[in-house]
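Colleague: First the structure, which I've put down as structure tokens, then a few questions once you've had a look.
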Amino acid sequence: MADAPVALRDVTYAYGKGELARPVLRDVDISVGPGEIVLLTGPSGSGKTTLLTLIGALRAMQQGSAVVLGQELMGATERQRVALRRRIGFIFQQHNLLGFLTARQNVAMALELDGATGERARLARAGEILGAVGLGDRGESRPDQLSGGQRQRVAVARALAGAPGLILADEPTAALDRQTGGEVVRLLRGLAKGRGVPILMVTHDPRILDIADRIVAMEDGRILPSEGAAGAPRPLPPFRR
Amino acid sequence: MNVLARAPPAPPPPAHGALPWAGQPAGPAPPPPAAPSRAPSPLAALRLPLRLAWRQLRFEKARLFSAIAGVMFASVLVFMQLGFRSALFDSATALLAAFRADIFLMHPMTLVSFRPETMPRARASQALALPEVQAAVPVYLAQATWRSPENGSRRPIQIIGFDLEAGVMDFPGLAPLIERLKRPDSMAFDLRSRPEFGDIARLLHERGPFDAQVGNRHMEVVGLIEIGPSFGADGNVVMSELNFRRAVKERAASAIDLVAIRLLPGADPQAAKRRLAEALPGDVMVLTQPELVAWERRYWEDATPIGFIFMFGSLMGLVVGMVIVYQILFSDIASHLREYATLKAMGYSNGYLGRVVLSAALILAVLGFLPGFAASTLLYDVVGKGTFLPLAMDTERALGVFAMIFAMCAAAGLLAMRKLRDANPADMF
Ligand SMILES: Nc1ncnc2c1ncn2[C@@H]1O[C@H](COP(=O)(O)OP(=O)(O)OP(=O)(O)O)[C@@H](O)[C@H]1O
Ligand SMILES: [Mg+2]
């Protein structure tokens, strides 16, 4: 699919050099369609995180081709990679909010790289999106005044604030209890679907597999053949009652 | 499935309206926003990192205050060192700086005024040959022993003898004394001489003119003038040429130490200086007054470790300040590596984060310098009064020290910035 937000072909990656090189990804093909929510699962050490950092332009490619939001990452410069990252929303295992900023300022950090919006517009927009994650009244709280689930919801708001073309999340529920984790990913799903933003999420959490449009399993650096036709996403299910 | 956990109980349309940017839930998903964002304006590219740095510094008050204290300490140290240095050099050349003339002639071998090389008195009259020279006054300099009229202790004192009526060397307080100084064996005492010479001002006030011993001669102190002690002379007395010869018998009248020249009003000192240098033989050097002072000052800078000592002291202050600022910035980065890495993952460039660190350094420079400046101004006043050193804050030095503190903090920031490389966004997942 040419206009897929994520399209990887034959991506191979190894840590270490020469004799010590240890292949972690082998001939990985994966694509994420517009607005699609793809969950990536697999045993520990199978290379999920590595794959995500390659797609997120956080790591330089070694072999194969990866087109993310129209940018070919094989041979991309540091500058191109930094520019691409601005168009991707990241959600990490930990919230990684800046402790010295309020929730609203943290969300606004995702907008400060965009010269088109002024300070007032940024804060208003941050406030709006905090409202959308149910934290409209906690905008002036610092992260240490929020609960774990609330922090992760601020992180979701931050990932979405910059109007990203893609969201990458690596075990965003790992630091949360099941109940809270479920709430956060469903919230994320609702917001992403509403805006048509595709999500690629790594997870071990069986309780959240139901949010996916498609589940991709990895093992030992390879994508396992899926039950359905490979590459063809299932039709989008309705996401609202 | 597909339960929006926090979906409001209201029916879909209003609920949807609560998310103004949300696309239509039905039909194909709207395309992702494609247009890459505009780059921030250059001003915002400096202002936003500065604001971020300030918010981070402000958050940890204890760290901020220790950093400010460090920079303040460095500022005070540098201010004091530079203040002492210039005060000592200023006082080293106080005698020559007190002379009032446009141009001076001096023997080229004279290194320092208290140990002059003599030159022929004829040079003064030769200088008069130039039309723009209004007056050329021979000056005699010598050191002699002064016996304190209070307790009899003896100390060397500087004697300055010249034609008082020529009106060339016009020390403050000299003019009204000229008539009395014409009397044999009379002299004027420098009231800013060090106190060890005796409290001459009080004695003069109590007794009127009184006898004091200079060299082996008794001479009368008839009044007070103002010059100030210098390195070569703790005190000064001024007398007429004739009295000088009486006090310093071994000196031939034809051997003089300095010629002070006054030019006609409107004459160009530089041009006159060049013409004098051409007209006079090689045993004299022609100097303007600032050059004469600089000559003397250079002697003290080269011949003594004073300059080095104070430069070393200033440098130590800056190094200590830099280490403190570096430590603070470094630990700030080290303890926020995850946050910095997150910012990198969000698309913040290394350059942007570097600007954040540099901004923090420069904020510390300003916040530490201002109280340091205030404290130093106060200390100058207190210490200056206690040591008789001319310590005073001036704009030039304030700006100079600020530049040094600024550079110190910038260097610390640049060093600390290297730690940013450890913030690797790929390690964040
Ligand atoms: N920075 C690194 N340097 C060297 N080897 C690494 C590095 N990061 C990961 N690896 C190795 O690469 C392999 C894949 O790691 P990766 O983190 O991608 O697995 P994962 O599927 O995300 O596992 P988990 O589910 O435990 O997070 C592992 O064997 C790991 O030891
Ligand atoms: Mg992982």
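The values are calculated or read from the model by the stated rules, or taken from the named source; none is laboratory data. Not measured: the values here are computed from a predicted model. So basically every Cβ, Gly included, is an ideal-geometry build from the backbone, and we count neighbours across all protein chains shown. Side chains are part of the model used for accessible areas, which takes the heavy atoms of the whole protein and leaves out ligands, DNA and RNA. Shrake-Rupley method; radii C 1.70, N 1.55, O 1.52, S 1.80 Å.
Colleague: So, B:V139, is that one part of a helix (DSSP H, G or I) and buried (at least 19 other Cβ atoms within 10 Å of the Cβ) or not?
Modeller: In short, no.
Colleague: Let me ask something additional. Somewhere in the stretch A:148-163, is a residue facing chain B (nearest Cβ under 8 Å) and at pLDDT below 90?
Modeller: Yes, the stretch A:148-163 contains at least one residue that is facing chain B (nearest Cβ under 8 Å) and at pLDDT below 90.
Colleague: For B:A398, are the conditions met, namely being within 16 Å of ligand 2 (Cβ to nearest atom) and of a type in the set (A, V, I, L, M)?
Modeller: For B:A398, the condition - within 16 Å of ligand 2 (Cβ to nearest atom) and of a type in the set (A, V, I, L, M) - is not met.
Colleague: Output the helices (runs of 4 or more DSSP H) that fall wholly within the stretch B:155-255 and possess 3 or more residues being under 18 Å from B:A142 (Cα atoms) and open to solvent by 10 Å² or more (accessible area, probe 1.4 Å), or say none.
Modeller: It comes to B:241-247.
Colleague: Follow-up question, since we're still on this one. Any idea which residue in the stretch A:81-113 is farthest from the other protein chains (Cβ to nearest Cβ), counting only those that are open to solvent by 40 Å² or more (accessible area, probe 1.4 Å) and in a loop (DSSP other than H, G, I, E, B)?
Modeller: Checking each candidate, the answer is A:H95.
Colleague: Check the stretch B:297-315 and report whether any residue there is outside the structural domain of B:A412 (by TED's automatic domain parsing), charged (D, E, K, R) and open to solvent by less than 20 Å² (accessible area, probe 1.4 Å).
Modeller: No - not one qualifying residue is present in the stretch B:297-315.
Colleague: Out of (1) within 15 Å of ligand 1 (Cβ to nearest atom); (2) not in a helix (DSSP H, G or I), what's the single condition that is false for A:A76?
Modeller: With respect to (1) within 15 Å of ligand 1 (Cβ to nearest atom); (2) not in a helix (DSSP H, G or I), A:A76 is out only on (1).
Colleague: Which one of B:A135, B:A74, B:A53 is within 14 Å of chain A (Cβ to nearest Cβ) and in contact with a helix residue (DSSP H, G or I) (Cβ under 6 Å, 6 or more places away or on another chain)?
Modeller: Matching residue, one of B:A135, B:A74, B:A53: B:A53.
Colleague: Can you tell me which residues in the stretch A:118-159 are touching a Pro at 6+ places or on another chain (Cβ under 9 Å), open to solvent by 40 Å² or more (accessible area, probe 1.4 Å) and under 16 Å from A:L101 (Cα atoms)?
Modeller: Once the filter is applied, which keeps residues that are touching a Pro at 6+ places or on another chain (Cβ under 9 Å), open to solvent by 40 Å² or more (accessible area, probe 1.4 Å) and under 16 Å from A:L101 (Cα atoms), the stretch A:118-159 yields only A:R151.
Colleague: OK, next. Run down A:T203, A:T180 and say which single residue is in contact with a Pro (Cβ under 9 Å, 6 or more places away or on another chain), more than 9 Å from chain B (Cβ to nearest Cβ) and open to solvent by less than 60 Å² (accessible area, probe 1.4 Å).
Modeller: A:T203
Colleague: Within the bounds of the stretch B:17-31, is there any residue that is assigned to a helix (DSSP H, G or I), modelled with pLDDT under 90 and surrounded by fewer than 14 Cβ atoms within 10 Å (Cβ to Cβ)?
Modeller: Among the residues of the stretch B:17-31, at least one is assigned to a helix (DSSP H, G or I), modelled with pLDDT under 90 and surrounded by fewer than 14 Cβ atoms within 10 Å (Cβ to Cβ), which makes the answer yes.
Colleague: Within the stretch B:82-123, take every residue that is in contact with a Lys or Arg (Cβ under 7 Å, 6 or more places away or on another chain) and more than 30 Å from B:F402 (Cβ to Cβ) and give me the one that is surrounded by the most Cβ atoms within 10 Å (Cβ to Cβ).
Modeller: Among residues in the stretch B:82-123 that are in contact with a Lys or Arg (Cβ under 7 Å, 6 or more places away or on another chain) and more than 30 Å from B:F402 (Cβ to Cβ), the one surrounded by the most Cβ atoms within 10 Å (Cβ to Cβ) is B:L105.
Colleague: Moving on. What's the number of the only condition in (1) open to solvent by 60 Å² or more (accessible area, probe 1.4 Å); (2) more than 14 Å from every other protein chain (Cβ to nearest Cβ) that B:S335 fails to meet?
Modeller: Every condition holds for B:S335 apart from (2).
Colleague: Could you check, for the stretch A:33-47, whether at least one of its residues is without any contact (Cβ under 8 Å) to a residue 60 or more places away in the chain and farther than 18 Å from A:E219 by Cβ?
Modeller: Among the residues of the stretch A:33-47, not one is without any contact (Cβ under 8 Å) to a residue 60 or more places away in the chain and farther than 18 Å from A:E219 by Cβ, which makes the answer no.
Colleague: All but one of (1) in contact (Cβ under 8 Å) with a residue 40 or more places away in the chain; (2) of a type outside the set (S, T, Y); (3) within 16 Å of ligand 1 (Cβ to nearest atom); (4) surrounded by 20 or more Cβ atoms within 10 Å (Cβ to Cβ) hold for B:I328, so report the exception by its number.
Modeller: Among (1) in contact (Cβ under 8 Å) with a residue 40 or more places away in the chain; (2) of a type outside the set (S, T, Y); (3) within 16 Å of ligand 1 (Cβ to nearest atom); (4) surrounded by 20 or more Cβ atoms within 10 Å (Cβ to Cβ), the lone unmet condition for B:I328 is (3).
Colleague: Regarding A:E128, is this residue facing another protein chain (nearest Cβ under 9 Å), in contact (Cβ under 8 Å) with a residue 12 or more places away in the chain and acidic (D, E)?
Modeller: no
Colleague: Output the residues belonging to the stretch B:371-418 that are touching a residue at least 40 places away in the same chain (Cβ under 8 Å), closer than 30 Å to A:R85 by Cβ and surrounded by fewer than 18 Cβ atoms within 10 Å (Cβ to Cβ).
Modeller: Within the stretch B:371-418, B:A410, B:L414, B:L415 meet the criteria.
Colleague: Please state which one of B:Q270, B:Q289 is among the polar types (S, T, N, Q), within 20 Å of B:L96 (Cβ to Cβ) and open to solvent by 50 Å² or more (accessible area, probe 1.4 Å).
Modeller: The match here is B:Q270.
Colleague: Here's another thing I want to ask about it. Scan the stretch A:66-80 and give yes if some residue there is over 17 Å from A:A14 (Cβ atoms) and within 7 Å of chain B (Cβ to nearest Cβ), otherwise no.
Modeller: Checking the stretch A:66-80: not a single residue is over 17 Å from A:A14 (Cβ atoms) and within 7 Å of chain B (Cβ to nearest Cβ).
Colleague: Sticking with this structure for a sec: Is there a residue being within 16 Å of ligand 2 (Cβ to nearest atom), farther than 24 Å from B:A365 by Cα and assigned to a loop (DSSP other than H, G, I, E, B) anywhere in the stretch B:411-428?
Modeller: Checking the stretch B:411-428: at least one residue is within 16 Å of ligand 2 (Cβ to nearest atom), farther than 24 Å from B:A365 by Cα and assigned to a loop (DSSP other than H, G, I, E, B).
Colleague: Within 26 Å of A:A4 (Cβ to Cβ), within 17 Å of the chain's Cα centre (by Cα) and surrounded by 18 or more Cβ atoms within 10 Å (Cβ to Cβ): is that true of A:L187 in this structure?
Modeller: When the stated conditions are applied, A:L187 passes them.
Colleague: Taking only the stretch A:31-64 into account, find how many residues are within 16 Å of ligand 2 (Cβ to nearest atom), assigned to a strand (DSSP E or B) and open to solvent by 10 Å² or more (accessible area, probe 1.4 Å).
Modeller: 1
Colleague: Now, a different point. For A:P172, only one of the following conditions fails: (1) surrounded by fewer than 24 Cβ atoms within 10 Å (Cβ to Cβ); (2) within 16 Å of ligand 2 (Cβ to nearest atom). What is its number?
Modeller: Every condition holds for A:P172 apart from (1).
Colleague: Kindly check whether there is at least one residue in the stretch A:93-112 that is more than 16 Å from ligand 2 (Cβ to nearest atom), in contact (Cβ under 8 Å) with a residue 60 or more places away in the chain and in contact with a strand residue (DSSP E or B) (Cβ under 6 Å, 6 or more places away or on another chain).
Modeller: no
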